[in-house]
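As structure tokens, the structure follows; a few thoughts come after it.
Each value in this text was obtained by applying a stated rule to the coordinates, not by laboratory testing. Predicted, not measured: the structure shown is a model, and the values here were computed from it. Note: ideal-geometry Cβ built from the backbone for every residue, glycine included; neighbour counts use all protein chains shown.
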Amino acid sequence: MQKVVTHSGPFHADDVFAVATLQLHFGLENMEVVRTRDEAIIATGDVVVDVGGVYDPERQRFDHHQVGAPIRESGIPYAGFGLIWKHYGDKVTGSTSVSETIEKSLVLSIDASDNGVSVYNLTELEIKPTTISDIVSLFNPTEGTSADLDAAFLSATALAREILLKSIARAKAKEIVKQVATAVYEASSDKSLLIFDVPMAKSLLIEYPEVQLIVSPDYPAASTNWLATAIPKTHGSFELRTRFPEEWGGLRGEELAKVSGIPDAVFCHRAGFLFVSMSREGALAAVNKVLGR
């Protein structure tokens, strides 16, 4: 039985996800979670995270609050989650590349938030996005209540475990699909349009600047339709390399078929990045019109 010690009181995403990572590694049945700030109890922990004032992986101590705590080359300091992930990520995922993907997609934002580092700028709309750190904070009992903080912490770690498991599964699946995307790209003589026989995420083609559009089947569980998708200019951007005609945007069925000249047209997104048809031929007809063929 592994005794994992973290701090008591209100919790944050970094200690929640750090403990959730250890739960995945050791197994719930093989791990006891103790939340305390009592130094005598902290000293008895097999693994201590986010408390204790020591970072020493050989002794399984993973705090980041002390002077001289580690900082990444990017300038983002490590928090409890990042330190645990640094030493346990490969073990939990079984893959260095997958653990690196989750470091980028999940760990960095949580560590930055815990250390007071801003990683985004608000647009003129001034709408702050809801982050995972915000969601975890909702598990803390409301001020003035007598709710059990330790029970709330364990509820939050249950959510964190699910997020980690789904993130790991998604990253592993994405690696396989990425190989398909790369193979089709390399084999294609016309790299402005790539055609796939399996569902394909547009994000996987952003790194190839020549690719403007892809055609792929919809997810089988969703429908038998085919999708024609425009590729964004960069990750996180809504600006497209090309788009479907503005007059198609928001139209469906017969109305879209009449305007586009594609008989089995189903839908065109009003933002111009997606065209749906009942057949592969219909999706190809749509992209050929965009490309002027």
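Here the extension length gained between ASN121 and ALA271 equals 51.7 nm, from 0.36 nm per residue of separation less the Cα-Cα distance. For the chain, the longest principal axis of the Cα atoms and the long axis of helix 80-93 meet at an angle of about 60 degrees.
The label-point distance for ASP150 and GLU246, in a model that sets each label 7 Å from Cα toward Cβ, rounds to 6.3 nm.
Each of TYR185, TYR88 was scored by other Cβ atoms within 10 Å of its Cβ. Arranged with the fewest first, they read TYR185, TYR88.
Here the contact order of segment 195-291, divided by its residue count and restricted to Cα pairs under 8 Å and six or more residues apart, works out to 25 percent.
For the pair ALA43 and THR234, label points projected 7 Å from Cα toward Cβ lie 5.3 nm apart. Counting neighbouring Cβ atoms within 10 Å and putting the fewest first, the residues ILE76, ILE168, ILE135 line up as ILE135, ILE76, ILE168. In the chain, what % of DSSP beta bridges are antiparallel (nearest 5)? The antiparallel fraction comes to roughly 60 percent. Taking Cα atoms only, the orientation of helix 280-290 departs from the longest principal axis of the chain by about 80 degrees. Sites listed here are GluC sites (Glu not before Pro) in segment 103-195 whose DSSP assignment is loop and whose Cβ has at most 13 other Cβ atoms within 10 Å: GLU124, GLU126, GLU143.
Annotation: the residues ILE42, ILE262, sorted from fewest to most other C-beta atoms within 10 Å of their own C-beta, follow the order ILE42, ILE262.
With R₀ fixed at 30 Å, the C-beta to C-beta distance from VAL34 to LYS174 puts the FRET efficiency at about 0.25. Counting 0.36 nm for each residue step from ALA222 to THR131 and taking away their Cα separation leaves a gain of 29.9 nm.
Normalised by the number of residues in the chain, the average gap of Cα pairs under 8 Å and 6 or more apart makes the relative contact order 12 percent. As a length-normalised measure over Cα pairs under 8 Å and 6 or more apart, the relative contact order of segment 218-260 settles at 22 percent. For the Cα atoms of the chain, what angle does the longest principal axis make with the long axis of helix 13-26, in degrees from 0 to 90, nearest 10? With rounding to tens, the tilt is 90 degrees. Each residue of segment 184-197 is assigned a 3J(HN,Hα), and the resulting list reads 5, 4, 5, 7, 7, 7, 9, 8, 6, 10, 10, 10, 10, 9 Hz, derived from the Karplus form 6.51 cos²θ - 1.76 cosθ + 1.60 (θ = phi - 60°), x at Gly and Pro. DSSP beta bridges fully contained in segment 2-172 are about 25 percent antiparallel.
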